[in-house]
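To start, the structure itself, in structure tokens.
The values are calculated or read from the model by the stated rules, or taken from the named source; none is laboratory data. Computed from a predicted structure; not experimentally measured. Here the Cβ is made from the backbone with ideal geometry for all residues, glycine too, and neighbour counts use every protein chain on show.
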Amino acid sequence: MSTSTDRTIRDRLGVTPDAAAWCTIGKIPEPPADVHRAAGSAPLRPASRRPLGMLGVAVGTPLLYVGKFFGLLASGEEALRRMLSTTGEQERHRAAKLDRKRRDEAVAELGLDRTFDGDWNAAAGRLLLQWYGHSSHHQRLVALAGNRILLAAPPRRVSVRRDALTQVVAELPAGDAVLVDPLPAHETGKLLLRFKDGSWLRLETEEWRSELHTYLTGHQQPDGVRASEA
């Protein structure tokens with residue numbers, strides 16, 4: 001985060017976090033009707049984009065196609081470069097491709113292609129049932145602050161001034177949950193919010209190897225528990 005962004009986040013959270021990053025969650029599965037009703041029937045989806053955001057999409061869509069065109073050109077150029085590359089470069093390319101394959105296999109093996117562990121009665125499931133009731137914004141600023149995990153967001157979905165409108169919408173004591181990097185050997189945007197009852201919720205950071213990933217690299221305890229076993 002930039003210095004100005006850091007300052008805004010500190011002011012909005014009321015604390016200087018050890019690390020923070022904007023995250024999203026996967027699509028919330030449809031819960032049993034009685035469970036959803038008992039939890040207050042909060043929304044299971046973020047709010048739709050506001051008009052200003054839709055304008056941005058309308059303006060950006062043609063540019064997206066232009067970007068895809070140049071992306072195809074770049075892909076062709078990359079393929080040609082690999083054909084003409086040295087043995088060392090080819091080996092590095094094969095190593096990177098193998099790493100991606102192993103990462104994708106690990107994601108499937110650990111159950112990280114799911115939004116959460118699947119138990120609506122456990123802590124992660126209960127949090128999901130309230131997720132968009134806390135805020136209709138599609139992202140959460142996840143911040144580690146001492147012995148707490150803070151979830152912050154604007155009260156409603158916004159397209160601009162996200163940081164300036166952010167406020168804490170949920171707070172998890174360290175004794176209730178921990179944030180872990182489930183794939184420390186690979187470069188990903190995935191994190192797990194893992195609760196003491198064994199349930200878990202998958203987060204996707206806005207950028208791969210975020211500030212949270214970097215912080216957890218030096219502070220995370222070895223953890224061999226698979227998400228699918230939690």
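At-a-glance table
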read-out: Flag if Arg114 is among the basic types (Lys, Arg) and surrounded by fewer than 20 Cβ atoms within 10 Å (Cβ to Cβ); value: yes
read-out: Subset of the range 15-33 (residues that are without any contact (Cβ under 8 Å) to a residue 40 or more places away in the chain and assigned to a loop (DSSP other than H, G, I, E, B)); value: Glu30
read-out: Residue under evaluation Gly53, criteria (1) at pLDDT 90 or above; (2) part of a helix (DSSP H, G or I), criterion not met; value: (1)
